[in-house]
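The structure appears below as structure tokens.
Throughout, read-outs are computed from the coordinates displayed, never taken from laboratory work. All values reported here derive from a predicted model rather than from experimental measurement. Because the Cβ atoms are built from the backbone with ideal geometry, glycine has one as well, and the counts that use them run over all protein chains shown.
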Amino acid sequence: MLQSLLCLLPLLGSLQSAELPAYDTLRERIMDTERLATVGGTIWLSQDEEKANSILMNAKRAEIAEGFKNPLKYAPAMHFFQGRQYVHQSEVFRIIQRMPKGAFLHGHNTGMVSSKWIIQNLTTSSNLYTCMDVNQLLIFTYDQSKCHSEIQNVCTERNDLNEKDRMKYERQLERHINMHRKHPEMMLPNRTLIWKQFENIFTTVDKLYKYRPTYCAYHKRLLEELCEDNIIYAEIRASLSPLYDETNRTYNTLEVANELERIVEEFKAKHSDFVGLKVIYAKRNRASEDEMAKRIVTFKQLHNAKPNFIIGFDLIGNEDTGDPIHKYINELSDLPSTAHYFFHAGETNWYGRTDWNMMDAILLNTKRIGHGFALPKHPQLWSTIKKRHIAIEVNPISNQVLGLVWDLRNHPASFMIAENFPIIISSDDPGVWGAKGLSYDFYYAFMALAPAEADLRFLKQLALNSIKYATLTSDERRKINRVFQKKWLEFIASVIRN
Ligand SMILES: [Zn+2]
């Protein structure tokens with residue numbers, strides 16, 4: 001037995017049989033070697049960090065021990081919709097919420113704000129209606145001509161109700177913009193159906209956000225929710241579709257970018273620790289080559305006008321039913337040297353089909369890969385990713401909600417963590433499934449994806465990775481490092497204090 005383990009381990013292979021360590025020592029060495037090789041394994045902790053770490057690990061070990069006894073209440077092994085209530089009882093989660101997470105690097109603007117906040121705050125104007133669209137899907141609209149059914153004025157309907165019925169009415173509205181289901185397992189066999197439900201949400205709110213005042217209020221809230229979750233910088237995917245305002249003036253894509261930039265600058269002026277938000281121009285992955293060429297032209301104009309705000313380009317949508325990146329190689333092969341690709345790729349369970357998007361993303365020199373769920377199946381690709389430091393944006397809860405994996409302990413990122421891949425953790429569309437910021441995804445990464453003994457080093461490395469793989473000027477990098485360092489020390493002190 002010992003001999004066969006030694007054969008598997010080049011590290012110990014040089015030992016002579018006469019010097020073989022005792023069996024338990026050998027086990028320790030194997031486990032230590034694995035620990036050192038994982039994400040965060042080589043991080044050194046200060047004395048105070050060690051103290052905070054032991055508090056964190058006491059809580060983690062207690063939760064795992066309890067979960068082992070009672071798996072039906074162990075959130076990391078459950079679907080998020082069923083486990084969320086137990087996450088809220090978790091001491092580990094409370095510590096993670098307080099932790100500075102660095103940068104938020106994978107999210108879609110229109111899926112990021114909490115659905116409850118949207119219903120309570122963005123559906124109160126007197127000229128907002130609900131009705132069915134041409135496909136009999138409920139939509140919010142200011143324009144009654146878009147309706148193909150009876151039209152309801154949201155304000156009038158709500159004002160006619162007593163407090164209890166009003167809350168019930170708001171919960172009903174929220175169901176149209178949130179994926180939450182009591183029995184998510186009913187949806188699981190059909191990813192096409194899950195995606196349809198997911199995309200319907202964006203159709204339901206589409207006209208709501210095209211109205212400039214609503215768009216502005218929404219994005220201010222987006223920034224607030226990031227700050228509330230201790231995130232100090234973000235790069236978000238956005239399509240920058242045209243807006244209109246009270247005077248019926250329309251705003252083209254560049255003007256929308258101006259609006260968004262103004263909102264970010266105003267927010268930064270009030271929140272001196274917030275480093276900023278930048279945009280990855282994201283368009284649907286279904287289009288003719290000509291349409292894609294036009295999108296690239298628009299992107300180049302945007303990037304040319306705002307090189308440090310519109311930083312890159314991405315294709316979004318269900319990869320399994322969308323067009324492959326390969327279709328657009330000609331259109332995508334000429335990017336300005338200051339811009340980057342941040343392709344969604346490998347968000348699939350297929351092996352040898354859709355997952356080749358990851359190859360094309362790499363060949364097109366992508367800076368990061370969104371999801372990379374299928375990456376462990378492709379050693380040629382992952383060796384390149386490690387060598388070229390292409391970060392993988394792992395979105396655990398998104399992958400679960402969109403039906404790629406049921407139990408997050410089986411998520412392929414466990415392999416990437418064990419092998420210290422350049423990963424960051426993000427949350428994709430947290431507002432659409434009752435998450436917020438990054439804390440829920442960090443919790444699942446810590447409790448379900450990482451080994452049981454992964455500790456504060458792992459969490460710190462995730463935060464440091466998010467800064468490392470962000471697209472920052474040297475001035476911004478200096479600021480983010482300074483702010484993160486300060487917030488990290490405050491966090492450590494607060495863990496020790498409590
Ligand atoms: Zn995404």
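Let me spell out the model: positive unit charges on the Cβ of Lys and Arg, negative unit charges on the Cβ of Asp and Glu, origin at the Cα centre of the chain. What dipole size does that give, in debye rounded to 20?
Details: 62 positive and 59 negative charges, 108 e Å.
Computed charge dipole of the chain: roughly 520 debye.
Give the Rg/Rh ratio for the chain, taking Rg as the radius of gyration of the Cα atoms and Rh as the Kirkwood radius, to two decimals. Please report the intermediate quantities before stating the final value.
Details: Rg = 23.8 Å, Rh = 24.1 Å.
Ratio of gyration radius to Kirkwood radius for the chain: 0.98.
Roughly speaking, what is the centre-to-centre gap between the range 41-78 and the range 281-306 when only Cα atoms are used, to the nearest Å?
45
Take the alpha-carbon centre of the range 364-395, take the same for the range 435-498, and report the distance between them in whole Å.
Using only Cα atoms to place each centre, the spacing works out to 21 Å.
Using mean Cβ contacts within 10 Å as the protection proxy, how do 272-282, 140-150 order, highest first? Show your work: numbers first, answer last.
On the way: 272-282: 21.9, 140-150: 14.4.
Output ranking for 272-282, 140-150: 272-282, 140-150.
Could you work out the equivalent-ellipsoid semi-axes for the range 432-498, taking the square root of 5 times each eigenvalue of the Cα gyration tensor, largest first, in whole Å?
Working: eigenvalues 101, 59, 33 Å².
After scaling each eigenvalue by five and taking roots: 23, 17, 13 Å.
Place a +1 charge on the Cβ of each Lys and Arg in the range 117-189 and a -1 charge on the Cβ of each Asp and Glu, then give the dipole magnitude about the Cα centre in debye, rounded to the nearest 20.
Working: 9 positive and 10 negative charges, 50 e Å.
Using only the charged Cβ atoms, the result is roughly 240 debye.
So which chymotrypsin sites (Phe, Trp or Tyr not before Pro) in the range 291-382 pass both tests, a DSSP loop state and at most 13 other Cβ atoms within 10 Å of the Cβ? Write down the numbers at each step before the final one.
Working: sites: PHE299, PHE309, PHE313, TYR328, TYR341, PHE342, PHE343, TRP350, TYR351, TRP356, PHE373, TRP382; in loops: PHE309, TRP350, TYR351, PHE373.
Passing sites in the range 291-382 are TRP350, TYR351.
Kyte-Doolittle mean at least -0.5 and Cα extent at least 15 Å along the axis: which DSSP H helices of the chain qualify? Intermediate values should be presented prior to the final figure.
Working: long enough: 23-37 (21 Å, -0.96); 47-69 (33 Å, -0.90); 163-175 (18 Å, -2.65); 191-209 (27 Å, -0.22); 212-228 (24 Å, -0.78); 253-270 (26 Å, -0.39); 289-305 (24 Å, -0.76); 456-468 (18 Å, 0.32); 474-497 (34 Å, -0.69).
Correct list, ordered by number: 191-209, 253-270, 456-468.
Amide H to amide H under 5 Å from LYS278: which residues, 5+ apart in sequence or cross-chain, H placed 1.01 Å off N in plane?
ALA234, GLU235, ILE236
Filter the GluC sites (Glu not before Pro) in the range 228-310 down to the DSSP loop ones having no more than 14 other Cβ atoms within 10 Å, then list what survives.
Details: sites: GLU228, GLU235, GLU246, GLU255, GLU259, GLU261, GLU265, GLU266, GLU289, GLU291; in loops: GLU246.
Sites meeting the loop and neighbour criteria: GLU246.
So what's the gap between the Cα centers of the range 160-229 and the range 144-158, to the nearest angstrom?
About 18 Å separates the Cα centre of the range 160-229 from the one of the range 144-158.
Mean residue ellipticity at 222 nm from the helices of the chain, using -39,500 (n - 2.57) per DSSP H segment of n ≥ 4 over the full residue count, to the nearest 500 deg cm²/dmol? The partial results should precede the final answer.
Values: 21 runs with 238 residues, N = 498.
Theoretical 222 nm ellipticity from helices: -14500 deg cm²/dmol.
Going toward the positive end of the dipole of the chain, with +1 on Lys and Arg Cβ and -1 on Asp and Glu Cβ, which of GLY370, ILE424, ALA52 do you reach last?
Of the listed residues, the answer is ALA52.
Please name which of LEU122, ILE151, HIS180 has its Cα lying farthest along the dipole of the range 117-189 towards the positive end, using unit charges on Cβ (Lys, Arg +1; Asp, Glu -1) and the Cα centre as origin.
In the range 117-189, that residue is HIS180.
Does the range 117-189 classify as rounded, prolate or oblate by the C-alpha gyration tensor (a ≥ b ≥ c root eigenvalues; a/c under 1.5 gives rounded; else a/b over b/c gives prolate, otherwise oblate)?
Details: a/c = 2.32, a/b = 1.25, b/c = 1.86.
Since a/c reaches 1.5 but b/c is at least a/b, the shape of the range 117-189 is classed as oblate.
Considering only Cα-Cα distances, which of the following residue pairs are longer than 30 Å: LYS73/LYS116; LYS196/LYS306; LYS283/LYS377; LYS168/LYS487; LYS182/LYS327; LYS196/LYS327? Intermediate values should be presented prior to the final figure.
Numbers: LYS73/LYS116 25 Å; LYS196/LYS306 34 Å; LYS283/LYS377 27 Å; LYS168/LYS487 40 Å; LYS182/LYS327 39 Å; LYS196/LYS327 24 Å.
As for pairs spanning more than 30 Å Cα to Cα, those are LYS196/LYS306; LYS168/LYS487; LYS182/LYS327.
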